[in-house]
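Okay, structure first, notes after.
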Amino acid sequence: MAHAYTPGLKVTDRMTVSKRRILPLKGEVVVEVGDMVTPDTVVARTDLPGNVEPMNVANILGVPPEDVPECMLKKEGDPIQRGETIGLTKSFFGLFKSEAKSKIDGTVESISSITGQVLLRGHPIPVEVTAYLEGKVMEVFPKEGVLVETVGSFVQGIFGVGGETHGEIKVVVEDNSSVLTDSLIDSSCEGKIIVGGSLVTASAITKAIEVKAKGIVIGGLDDKDLREFLGFDIGVAITGSEAKGVTLVVTEGFGQISMAGRTFDLLKSKEGEMACINGATQIRAGVIRPELVIPLRSDSDAAGSKDESSSMGLAIGSPVRVIRQPYFGILGKVCELQPELHKLESESKARILTVEFDDGKKSIIPRANVELIE
């Protein structure tokens, strides 16, 4: 058997990265095919309908629902301002009156003579979609968005928090096994993507937010520190929408786990370069991995680069990470692939492989218990 396929995280020095940048509703695309864009370039924009605010005008004015249309000073579609009187009723020859005042700025959406309810619609909410990457517009989807493409280094993480951002890479630790503490973070980290080693502490995350760092890339994270950072247990869900002030990408897993040497060396070699980072993660169907993209500095570099995005799958010599105990988080390489099924201690049968760890020790492990580092 030449090779076998297995899930894995991609870490490569050069590959073509393409991203679809799509509006939530149809709108206007403001760039064209061939345009060069930066992460902050607006590529499309639209307006979302404003929020709806219901008002029970019949109760406010003390009239039957069928009388509400006659009491309204504003009609459907009319603009309104917060605090403006939109309905009025008078009694006892005009000596007493009741007023219904708008709670928002916007327009009158609808007036019901059946329920006595008036729906107010807030002003449209403008939405802009940016390019996220530094690259070229390769395709335009009319009224929907674009496809942006770049050539650069690519690092996929295992878990992340926070949305899209970008900044220069700054390595603040000596090696991939060092713990990222708050003492290593100072004002020079403002606007930077901070690269740590095996673990980031809760105080370090807080310090990164205080100095206005854009992101943190780290090998491991304790679940208690994640809970302290977010203020709640994240559970099984999609992340990426958290507005915590910094985007966090974990490359190896939970606990203190040294960042893979290949990943750390790649990031260290790119120190000072601009990186685009996104912490969005989804572990259910439609898997989404957090990522870091480092576009190549010039067109000549991109043109002369070799695209390493293709994968040959699991093979002899492939770097892997064990994702089950007793070797959880340990890195190694495949030194033998057995095609036949083997009986495990649980008496179930599975295909296995032999992994040689960095210290020279070898162990036979079920293939389902390893993750390929592409």
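Treating the beta-carbon of each Lys and Arg as +1 and of each Asp and Glu as -1, no other charges, what is the dipole magnitude of the stretch 319-373 about its Cα centre, to the nearest 20 debye?
Computed about the Cα centre, the dipole is about 100 debye.
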In order through the stretch 352-364: 3J(HN,Hα) via Karplus (6.51 cos²θ - 1.76 cosθ + 1.60), integer Hz, x for Gly, Pro = 10, 8, 10, 10, 9, 7, 4, 7, x, 6, 10, 8, 8
Determine the sum of side-chain charges near Ala208: Lys and Arg each +1, Asp and Glu each -1, restricted to other residues whose C-beta is under 15 angstrom from that of Ala208.
-> -2
At most 11 other Cβ within 10 Å, DSSP loop - chymotrypsin sites (Phe, Trp or Tyr not before Pro), the stretch 47-156 | Phe92, Phe93
Among (1) 28.1, 98; (2) 21.4, 68; (3) 20.3, 75, the value of Rg and Dmax of the Cα atoms in Å computed for this structure carries the label (1)
Using the 10 angstrom Cβ neighbour count as an exposure proxy, how do Phe159, Phe328 rank, fewest first?
-> Phe328, Phe159
Which value at 222 nm does the chain reach when only helices count, each DSSP H run of 4 or more adding -39,500 (n - 2.57), with the total divided by all residues and rounded to the nearest 500 deg cm²/dmol?
-> -2500 deg cm²/dmol
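So for Thr251, Thr201, Thr115, fewest C-beta neighbours within 10 Å to most, what's the order?
Working: Thr251 30, Thr201 19, Thr115 12.
With the fewest neighbours first, Thr251, Thr201, Thr115 line up as Thr115, Thr201, Thr251.
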Just tell me which aspartates and glutamates come within less than 14 Å, Cα to Cα, of Lys268; anything on the same chain fewer than 8 places away is out.
-> Asp13, Glu168, Glu174, Asp175
Output the pairs from Lys224/Lys270; Lys143/Lys214; Lys74/Lys103; Lys207/Lys244 with a Cα-Cα distance over 23 Å in this structure; if there are none, say none.
-> Lys224/Lys270; Lys143/Lys214
Within the under-14-Å Cβ sphere about Val137, not counting Val137, Lys/Arg +1 and Asp/Glu -1 give a net charge of -2
Once phi for every residue in the stretch 248-254 is put through the Karplus expression 6.51 cos²θ - 1.76 cosθ + 1.60 (θ = phi - 60°), the whole-Hz ³J(HN,Hα) values, with Gly and Pro written as x, are 10, 10, 9, 8, 10, x, 8
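Run the dipole for the chain about the Cα centre, Lys and Arg Cβ at +1, Asp and Glu Cβ at -1, nothing else charged, and hand back the magnitude in debye, nearest 20. Please report the intermediate quantities before stating the final value.
Values: 41 positive and 53 negative charges, 116 e Å.
Dipole of the chain, to the nearest 20 debye: 560 debye.
How much net charge surrounds Gln338 when only other residues with a Cβ under 14 Å from its Cβ are counted (Lys, Arg +1; Asp, Glu -1)?
Details: positive: Lys343, Lys349, Arg351, Lys362, Arg367; negative: Glu336, Glu340.
Overall, the nearby charge balance is +3.
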Please identify the GluC sites (Glu not before Pro) of the stretch 172-224 that satisfy two criteria: DSSP loop assignment and at most 10 other Cβ atoms within 10 Å. Which are they?
-> Glu174
Could you work out how far the C-alpha centroid of the stretch 227-263 sits from that of the stretch 30-75, in angstrom?
-> 36
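Using a simple charge model, +1 on the beta-carbon of Lys and Arg, -1 on the beta-carbon of Asp and Glu, nothing else, what dipole does the stretch 158-289 show about its Cα centre, in debye to the nearest 20?
Working: 13 positive and 18 negative charges, 67 e Å.
In debye, rounded to 20, the stretch 158-289 gives about 320.
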The chain, relative contact order [Cα under 8 Å, separation at least 6], % | 18
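Bear in mind these aren't lab numbers, they're just calculated from the coordinates by the rules spelled out. From a predicted model like this one, the values you see are computed outputs, not experimental measurements. Glycine gets a Cβ as well: all are built from the backbone with ideal geometry, and neighbour counts include every protein chain shown.
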